[in-house]
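Down below is the structure, laid out as structure tokens.
The values are calculated or read from the model by the stated rules, or taken from the named source; none is laboratory data. Predicted model only: the values in this text are computed from it and were never measured. Heads up, the Cβs are rebuilt from the backbone with ideal geometry, glycines too, and the neighbour counts pull from every protein chain shown.
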Amino acid sequence: MSKTQSLRASYQEGIPGPWLEGSDNVLAVFEFGHSPLESTDPRHVPVALRQLGSPSMVEVWRCDGPIKTGTWDRLRFAQGEKLTMGHIALDLRKTGDMRESSRLAYDILQTYLQQSPHQWPLKIWNYIPGINQGSGDEELYRRFCLGRADAVLIDPGDRPPLPAATAIGSPADEPALQVYFLAAALPGLDVENPRQVSAWRYPRQYGPRSPLFSRGTILRMNGSQQFLLSGTASVVGHQTHHENQVANQLSESLRNVYSLLEEGYRLTGDSQARLDDQGLLKVYIRNPDDLDLIRRTLDAEAPAEIPRIYLEGDICRENLLTEIDGVVSMQRT
């Protein structure tokens, strides 16, 4: 697989079963609109966010196999030759407070990685039920950030304490906090966006502990590079732009994506990220009625060849209506 993508991520029509049966290179299959507590296989990762639009899709990750699967504490994992996917679903009815649940999830994640052959997380996805519920510092997202910081226990200083990440609100009645990740034997190259204040440097107005993640991480392996985008929204500096204007928020999010990709090119010096059919985009939408407008805006402003999916999910700030993350291919110039 020299100079081919290490992680081959794609959207496929249908259901998880056929992808989980008899394949030696399927690392994960993500099924939307189902509680993560319904997982039937370590490689099967249900996500509570409902897909908007049709046809019904699953997200399939493939890598060099064979794939080893198992459980470790409350974490389920699939491990390929050079990459590991792990997922944690904590039943909040049993673990209680969001801060404690978040701390527990990240303690499990970090302890697992310490004994794994793939010790470096490259991207982390966090799906948080009722993310905007609660007022002030009691908001569940702020409680989640406190718990994550309790587990990480470091002062970020001038470096991102964690790699690329996404945090999105799943339905308020979903019982499980979900955290899943991609990891490798070597660290990725973390990238910050010149248009945005680094998340771990956010001012106090956004909570007692800032979010701990980088804006993007470049996976470098097998002679190729791939850009793992964090959740990217309509934030310039540290402030939300275009409040109550969903199309403009999506356009600003795309400007942030392109700015981040340019910064990645500056750091690598020889590889340009491209939105093409070797990557994918995931678009989170707070209000399902905005789907058609968001779809038209994305079709007008992003290349048609990059696959995309639309999911219903709340964004980490109540005044944000949409967010993008994804995997982007990088090619030598």
Residue check, Ile131 under 21 Å from Pro175 (Cβ atoms), crowded, with 24+ Cβ neighbours inside 10 Å and at pLDDT 95 or above:
yes
Hey, Asp155 at pLDDT 95 or above and of a type in the set (Asp, Glu) or not
no
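Condition check ((1) under 19 Å from Asp91 (Cβ atoms); (2) of a type in the set (A, V, I, L, M)) across all residues:
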| residue | (1), (2) |
| --- | --- |
| Ala165 | no, yes |
| Ser170 | yes, no |
| Gln178 | yes, no |
| Leu186 | no, yes |
| Val191 | no, yes |
| Ser198 | no, no |
| Tyr202 | no, no |
| Pro208 | no, no |
Return the pair list, or none, for Cβ contacts closer than 6 Å from residues in the stretch 184-204 that are under 21 Å from Cys316 (Cα atoms) to residues that are among the acidic types (Asp, Glu) and part of a loop (DSSP other than H, G, I, E, B), at least 6 apart or on different chains.
Ser198/Glu192
Output the residue which, of all residues in the stretch 213-246 that are in a strand (DSSP E or B) and free of Cβ contacts under 8 Å to residues at least 40 places away in the same chain, is surrounded by the most Cβ atoms within 10 Å (Cβ to Cβ).
Arg220
I'd like to check something: does the stretch 199-209 contain any residue that is under 21 Å from Leu320 (Cα atoms), out of contact with any helix residue (DSSP H, G or I) (no Cβ under 8 Å at 6 or more places or on another chain) and hydrophobic (A, V, I, L, M, F, W, C)?
yes
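Here's the yes/no breakdown for (1) out of contact with any strand residue (DSSP E or B) (no Cβ under 7 Å at 6 or more places or on another chain); (2) surrounded by 15 or more Cβ atoms within 10 Å (Cβ to Cβ); (3) in contact (Cβ under 8 Å) with a residue 60 or more places away in the chain; (4) assigned to a helix (DSSP H, G or I):
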{"position": "Gly264", "(1), (2), (3), (4)": "no, yes, yes, yes"}
{"position": "Leu267", "(1), (2), (3), (4)": "no, no, yes, yes"}
{"position": "Val283", "(1), (2), (3), (4)": "no, yes, no, no"}
{"position": "Ile309", "(1), (2), (3), (4)": "no, yes, yes, no"}
{"position": "Ile324", "(1), (2), (3), (4)": "no, yes, yes, no"}
{"position": "Val327", "(1), (2), (3), (4)": "no, yes, yes, no"}
If you check Leu250 against the conditions, is it crowded, with 22+ Cβ neighbours inside 10 Å and either outside any strand (DSSP E or B) or at pLDDT 95 or above (or both)?
yes
Of the residues in the stretch 187-212, those that are of a type in the set (A, V, I, L, M, F, W, C), over 19 Å from His241 (Cα atoms) and either modelled with pLDDT of 95 or more or part of a strand (DSSP E or B) (or both) come to Leu189, Val191
Identify, from the list Arg50, Arg43, the residue that is out of contact with any Phe, Trp or Tyr (no Cβ under 7 Å at 6 or more places or on another chain) and either at pLDDT 95 or above or among the basic types (Lys, Arg) (or both).
Arg43
Inspect all residues belonging to the stretch 204-220 and state whether any of them is in contact with a Phe, Trp or Tyr (Cβ under 9 Å, 6 or more places away or on another chain) and closer than 24 Å to Gln12 by Cβ.
yes
Answer yes or no as to whether Arg295 is part of a helix (DSSP H, G or I), of a type in the set (Lys, Arg) and surrounded by fewer than 17 Cβ atoms within 10 Å (Cβ to Cβ).
no
